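What follows is calculated from the coordinates using simple rules that are stated; it is not laboratory data. All values reported here derive from a predicted model rather than from experimental measurement. Counting neighbours? That spans all protein chains shown, and the Cβs are built from the backbone with ideal geometry, glycine included.
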Amino acid sequence: MKRIFFTLICLMLFKTIFAVEGMWIPALLKKFNIEEMQKMGFKLTAEDIYDVNHASMKDAIVLFGSGCTGEVISNDGLLITNHHCGFGQIQKHSTLAHDYLTDGFWAKNRSEELVNPGLSVQFLIKMEEVTREVTKGIKEDMKEDELKTLIASNIDAIKKSYAGKSDYKVDVKPLLYGNQYFAYIYEVFRDVRLVGAPPASIGKFGGDTDNWVWPRHTGDFSLFRIYAGKDNKSASYSPNNQPYHPKKFFPINLTGIREGDFTMVFGFPGSTQEYLPSLAVRLLIEKSNPNKVDARTIKLGILEKQMAADPKVRIQYASKYAGVSNSWKKWQGETKGLVRLHAIEKKEQQELEFSKWVSQDTQREKKYGTILENFKKNYAELSDIQIAYDLYNETILRGSDVFGLIARFDQLAQLVNDTIKFNRQKKTIAEVLPGFFKDYDGPTDQLILPALLKLYFERVDPKHLPEKLISRKSDLINSTWVQKIYKKSVFADSLKIRSLLSGISAKKLKKLQKDELYSLYTTISDYYIKNIDPTFQRLSQEILKTQKAYMAAILEMKQDQRLMADANLTLRVTYGKIEGYEPMDGVYYQYYTTLKGMINKHNPNIADYVVPEKLKQLYQARDYGIYKNPAGELPIAFCASNHTTGGNSGSPVINANGELIGVNFDRCWEGTMSDVLFDPERCRNIALDIRYALFIIDKYAGAGYLLKEMNLIR
Ligand code: ARG
Ligand code: GLU
């Protein structure tokens, strides 16, 4: 008994020590984290992770596209990221004849690698705190507008001071709600080619059914290669470009992982909101999440039917479906997790303590005394505006494809007096049109529009809707009527719209008001922009200002504590351990999955669970080569307690020696609320075991020649 008790205590200690909340700033690891990391097992130094003067891990990591991470794994610029991060590219190269989504794609040599216009990757050259420079000249009594102008001009000056090299990009971003600023210098590479991707039955195994869920069997990876000019510098696409030689690339460790091992994830987490007040969390749980979820449920229901009925539509909408479904599911998990954690009550408790702390000192009273009141006033007013905002976003702006296209023409119409901008916008539209119609199915769009309009009318308070439309509601939500206006509209016809665009003029744009789809869109959006948006913007500004003061107060109140800055799509380090978890009383989830589990999931009747034939054969032969674990099984994925978020997809999962052991791709269902509130007991990131990726490349795809350029540690 005593023994059991002792182990229990140890286990509990072990757990609380292991999961570390926070996404930390690489340049500040030395000050805040490295000691703890080393205690947890990390064997290298802060400079091995981030160093401006010598090659370090950061030189092997990129912001992939606009919202994923990737890491370099060879001296020839070979890059690994998630399948779902490369999904858009893989899909764009796919047709019914070359269906790379279904069959996978493997370049047999470098000349077969596929070019991806518009895709870029960015390496961080350095980051520097510039709070003093950004806040220079700020005076206590400055008006909001003055303050904004001053900060903007300071930021401009900072950017200029860094300027020089042409393909370096400088960003200055606020942290801790503007209580701190950092400058980030990136080198941007624009010639990034697709090298390989497994079939969706591997890269997306489990699909949206298993998305956000552990245990998991998704082979979520794809391979790209960065190309550079002859001088190894960034260059726009040219057939003469050469593979980029990075300052550093990750060695790959094949010796395996164990529960309790140190892990870190190094990548570009997009956004978190760990310091929201209780009222914001309430709005999220009670209104924002449910409305957004309901809008997407409608859209996904229609897409599902249409995609199942027609293989062409399936390919056209695969990427869109995945995108819509992803947040839809996460919001539901997030709400559940926040409710389970009693997040509102927890935040209220914190606010009580905060008030107490403020009232202990008259100086504090003066500085911070109105914060909670301000939140109360502004969130009360925001409440029903938020509904209008969320539903406008979900049903009008991102609802039907055709409204998205019309929005671009509407922007064009606003630019008739600015020739340069007008021509630029015209060019952009001309560029997106072919892709738009490649992935557009009229009948599908015609179902989505009225279904979403119906929700818009039902949920948004009539006082926030254009009167003109309320009286026409029955038409607008009637699919036969909607079909009719599509038929008459130029926007649903690729030839007509192309010819309209080529001869476009101010006069022709005016005439578009006669197009009923166009006038429907502009009636709603003009109304929104005039009547809802200003209030929404004003309240958001007010709340942001209050949140900045709240953050400053928290920083003061917790001076002796280490506080994380919310994620802002800049390079961060998060660390923890490989560990399973208890999703519910009486159940423990193991930290890894294997091919055996994937084979068990196989079901010919469920599209998400169909295991490709060749993989089954490899399983039957247990042909795992050097990729099996000590038990003779082929590992697929593992989970660990690293605090990650969207944007961390594709991030390297790194062991104590700085070697690649996995590629991050998801979080577990029970932990999706970690963007708002982290729970060390249940928040886990999900990673692909790198051995599985290599197994697929080598044994499944027969692309083993790619392994030759990697540095494998066995
Ligand atoms: N949930 C993961 C992330 O947030 C994966 C998304 C892609 N997969 C999918 N089945 N839609 O990006
Ligand atoms: N799949 C996410 C991404 O695309 C990572 C999962 C998460 O949100 O933690 O970044």
Counted charge near ARG562, where neighbours are those whose Cβ lies closer than 12 Å (Asp, Glu -1; Lys, Arg +1): -2
Charge-dipole axis of the chain as Lys and Arg at +1 and Asp and Glu at -1 on Cβ define it, positive-most pick from ALA235, ASN53, GLN483: GLN483
Nonlocal amide H pairs with PHE221, under 5 Å, H built at 1.01 Å: HIS83
Net charge, ASP675 excluded, C-beta distance under 10 Å - Lys, Arg +1, Asp, Glu -1: -1
Pairwise Lys count, the range 139-249 - Cα closer than 18 Å, eight or more residues apart or different chains: 14
Cα-centred dipole magnitude for the range 362-509, charges only on beta-carbon of K, R (+1) and D, E (-1), debye, nearest 20: 520 debye
Mean Kyte hydropathy of 0.0 or more with a Cα span along the axis of at least 18 Å, helices from DSSP in the chain: 2-18, 401-414, 442-459
Radius ratio Rg over Rh of the range 155-312, counting only Cα atoms, Kirkwood formula for Rh: 1.03
About the Cα centre, charge dipole magnitude for the range 487-577 (Lys/Arg +1, Asp/Glu -1 at Cβ), debye: 540 debye
Globularity index of the range 309-456, i.e. its alpha-carbon radius of gyration over 2.2 N^0.38 Å: 1.57
Dipole of the range 415-527, positive direction: furthest Cα of LEU449, LEU517, SER502, with charges on the beta-carbon: SER502
Percent of Cα pairs exceeding the 21 Å cut-off, where the set is the range 412-551: 57 percent
Rounded, prolate or oblate (a/c below 1.5 giving rounded, otherwise prolate when a/b exceeds b/c) for the range 538-612 by Cα gyration tensor: prolate
Taking all pairs of distinct alpha-carbon atoms in the range 480-580, Kirkwood radius in angstrom: 19.4 Å
For the range 466-475, Karplus couplings with θ = phi - 60° (6.51, -1.76, 1.60), whole Hz, Gly/Pro x: x, 4, 3, 8, 4, 5, 9, 3, 4, 5
Charge context of TRP212, other residues only, Cβ under 10 angstrom, K/R +1, D/E -1: -1
Amide proton proximity set for TYR581, modelled H, under 5 Å, gap of 5+: TYR589
Estimated translational D of the chain in µm²/s (Stokes, Kirkwood radius over Cα pairs; 10 °C; 1.306 mPa s): 58 µm²/s
Dipole magnitude (debye, nearest 20) for the chain, charges at Cβ of Lys, Arg, Asp, Glu: 1380 debye
HN-Hα J in Hz across the range 573-585 - Karplus 6.51, -1.76, 1.60, θ = phi - 60°, x for Gly and Pro: 10, 10, 9, x, 9, 6, 7, x, 7, 9, x, 7, 4
Extension reserve of the LYS43-GLU516 stretch, reckoned as 0.36 nm per residue once the Cα distance is removed: 163.7 nm
Stretchable slack from ASP156 to LYS484, in nm (0.36 nm times residue separation minus alpha-carbon distance): 113.0 nm
Leading residue at positive end of dipole, the range 533-637 (Cβ point charges), from LEU595, PRO583, ASN605: LEU595
Spin-label model distance (nm) - LYS438 vs GLU467, 7 Å beyond Cα toward Cβ: 4.7 nm
Qualifying trypsin sites (Lys or Arg not before Pro) for the range 88-156 [loop in DSSP, other Cβ within 10 Å: at most 16]: LYS108, LYS136, LYS139, LYS143
Pairwise Cα inverse-distance average, inverted: Kirkwood Rh of the range 313-376 (Å): 15.2 Å
Two-site label geometry, SER540 and ASN417: point separation in nm, points 7 Å out along Cα→Cβ: 2.5 nm
Inter-centroid distance (Cα atoms) of the range 570-588 relative to the range 593-672, Å: 16 Å
